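Chemist: Have a look at this one before I ask anything.
The values are calculated or read from the model by the stated rules, or taken from the named source; none is laboratory data. Predicted model only: the values in this text are computed from it and were never measured. In this analysis, Cβ positions are derived from the backbone assuming ideal geometry, glycine residues included, and neighbour counts consider all displayed protein chains.
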């Protein structure tokens, strides 16, 4: 599960914060010096999300809840009607 979670988090960070700030910050040692100085050498998800989000989020889980909330709100707001196997779906609740 560790490597799979790492990949998912890396691509989510890329999508939300962009390539330079999100993806590179998460997958590289960009904040290693800061970790060595202020976090006992631990380059943790907490340190990274705090730096990338400019202090808006303290944990990766906190950011994910916010991100999923935004995704859900967008899905409910901007749903494009579709037909699947003869069933017409015109809003997010019908999709569920």
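Chemist: Is it fair to say residue 10 is touching a helix residue (DSSP H, G or I) at 6+ places or on another chain (Cβ under 7 Å) and surrounded by 13 or more Cβ atoms within 10 Å (Cβ to Cβ)?
Modeler: Answer is yes for this residue.
Chemist: Something else now. Return yes when residue 57 is in contact with a helix residue (DSSP H, G or I) (Cβ under 9 Å, 6 or more places away or on another chain) and modelled with pLDDT under 90 and no when it is not.
Modeler: Here the answer is no, as residue 57 does not meet what is asked.
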